[in-house]
1. Residues of the range 65-83 being crowded, with 24+ Cβ neighbours inside 10 Å and hydrophobic (A, V, I, L, M, F, W, C), which ones?
2. State all residues of the range 245-266 that are open to solvent by less than 40 Å² (accessible area, probe 1.4 Å) and away from ligand 1 (no atom under 16 Å from the Cβ); if no residue qualifies, say none.
3. Which members of the range 66-81 meet the condition of being more than 10 Å from ligand 2 (Cβ to nearest atom) and under 13 Å from the mean Cα position of the chain (by Cα)?
4. Pairs please, first residue from the range 49-60 and under 20 Å from H104 (Cα atoms), second anywhere and part of a loop (DSSP other than H, G, I, E, B) and among the polar types (S, T, N, Q), Cβ atoms under 9 Å, 6+ apart in sequence or on different chains.
5. Within the range 54-64, how many residues turn out to be closer than 23 Å to W164 by Cβ and either open to solvent by 40 Å² or more (accessible area, probe 1.4 Å) or within 16 Å of ligand 2 (Cβ to nearest atom) (or both)?
6. So A222 clears everything in (1) touching a Pro at 6+ places or on another chain (Cβ under 6 Å); (2) modelled with pLDDT of 95 or more; (3) assigned to a helix (DSSP H, G or I); (4) surrounded by 22 or more Cβ atoms within 10 Å (Cβ to Cβ) except one condition, right? Which one?
7. Can you report the number of residues in the range 2-40 which are open to solvent by less than 30 Å² (accessible area, probe 1.4 Å), touching a strand residue (DSSP E or B) at 6+ places or on another chain (Cβ under 6 Å) and at pLDDT 65 or above?
Amino acid sequence: MNHKNEGRKMPFTSVGSGNVQLVADKVHCYTNQIVNVCYVGDKKEWVLVDAGMPGSASKIKAEAEQLFGEGAKPKAIILTHGHFDHVGSVVELVEEWGVPVYAHPLEVPYLTGETRYNEPDPSVSGGMVAKLSAFFPNRPVDLSGHIHKLPHDGTIPFMPGWQWIHTPGHTPGHISAFRFTDKTLIAGDAFTTVKQEDMLEVVQQKLEIHGPPRYFTPDWEAAEVSVKKLVHLKPLHGVTGHGVPVSGDKLLDGLTYLADHFKEIAVPNHGRYVEGEK
Ligand SMILES: [Zn+2]
Ligand SMILES: [Zn+2]
């Protein structure tokens, strides 16, 4: 493994940074600078969903110990997708914990260094974060020997009762996780609850349901289908990769509105990845 990101801390933050919130039964959300990671499970068996920003391994471990006790170690790390803000500390964490990492088969090549994502598109509308995205690291992590494909039957290892849902568009192998018993959704970047392109809104973590982060989304048609798929699940509790956790009507109404008006709300008017300009 290589490409350690320790020492490459990025100067982003938000009002939620450092908070751990209980989203639903056995689902804790920790806001790491501008991105959320989830701790799912209990002391006996838990997993980490996504691995935060570069240079955050010690913070992610410290929060885990707060929740589950000293020396707490997950059974696995599950990745919604492989963007830098979701895998920023995965290499350090895997080295420390020695646990397997699971991702969708289509995402695996991006996690072994075989393929890299398209460059982020800083030309999309919407403020500072979109502009800064030109400087986001795009170099793939290499998890060879640690990365495993999620099982075909939709189950998620060490997350009993959960199913992974393929929600491509933002990336080819993007997944969301859903627990049918209480309709809890971990959506990754399939949609967001903050306008992620806008620095002020990211800092204040203003609640709104938005499409996936624009600067990184290459396939808007697939992204729309994915949001519709999630609406059909009628989620009650939701946590996204960016923004605050949302529950109840706010979540379902917001998500339904997003699905019904996807082209107006989510898809940028111009940019590298619209109008067949891929
Ligand atoms: Zn992403
Ligand atoms: Zn993200």
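The values are calculated or read from the model by the stated rules, or taken from the named source; none is laboratory data. Predicted model only: the values in this text are computed from it and were never measured. When we count neighbours, we look across all protein chains shown, and the Cβ atoms used for this are built from the backbone with ideal geometry, even at glycine. Side chains are part of the model used for accessible areas, which takes the heavy atoms of the whole protein and leaves out ligands, DNA and RNA. Shrake-Rupley method; radii C 1.70, N 1.55, O 1.52, S 1.80 Å.
1. Keep residues of the range 65-83 that are crowded, with 24+ Cβ neighbours inside 10 Å, which gives 77-83.
If the condition is that a residue be crowded, with 24+ Cβ neighbours inside 10 Å and hydrophobic (A, V, I, L, M, F, W, C), then I77, I78, L79 are the ones that fit.
2. Pass one, the range 245-266, residues open to solvent by less than 40 Å² (accessible area, probe 1.4 Å): 245-246, 248, 251, 254-255, 258-259, 262, 266.
Scanning the range 245-266 gives P245, V246, G248, L251, G254, L255, L258, A259, F262.
3. The initial filter retains those residues of the range 66-81 that are more than 10 Å from ligand 2 (Cβ to nearest atom), namely 66-79.
Passing the criteria: I77, I78, L79.
4. These pairs meet every condition: V49/T80; D50/T80; A51/S89; G52/Q33; G52/S89.
5. Taking the range 54-64 and keeping what is closer than 23 Å to W164 by Cβ, we get 60, 64.
Next, from what is left, pick out any that are either open to solvent by 40 Å² or more (accessible area, probe 1.4 Å) or within 16 Å of ligand 2 (Cβ to nearest atom) (or both): 60.
Adding up the residues that qualify gives 1.
6. The one condition A222 does not meet is (4).
7. Qualifying residue count for the region: 10.
The rows are residues; the columns are (1) more than 16 Å from ligand 1 (Cβ to nearest atom); (2) crowded, with 23+ Cβ neighbours inside 10 Å.
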| residue | (1), (2) |
| --- | --- |
| D142 | yes, no |
| M159 | yes, yes |
| P168 | no, no |
| T181 | yes, no |
| A187 | no, yes |
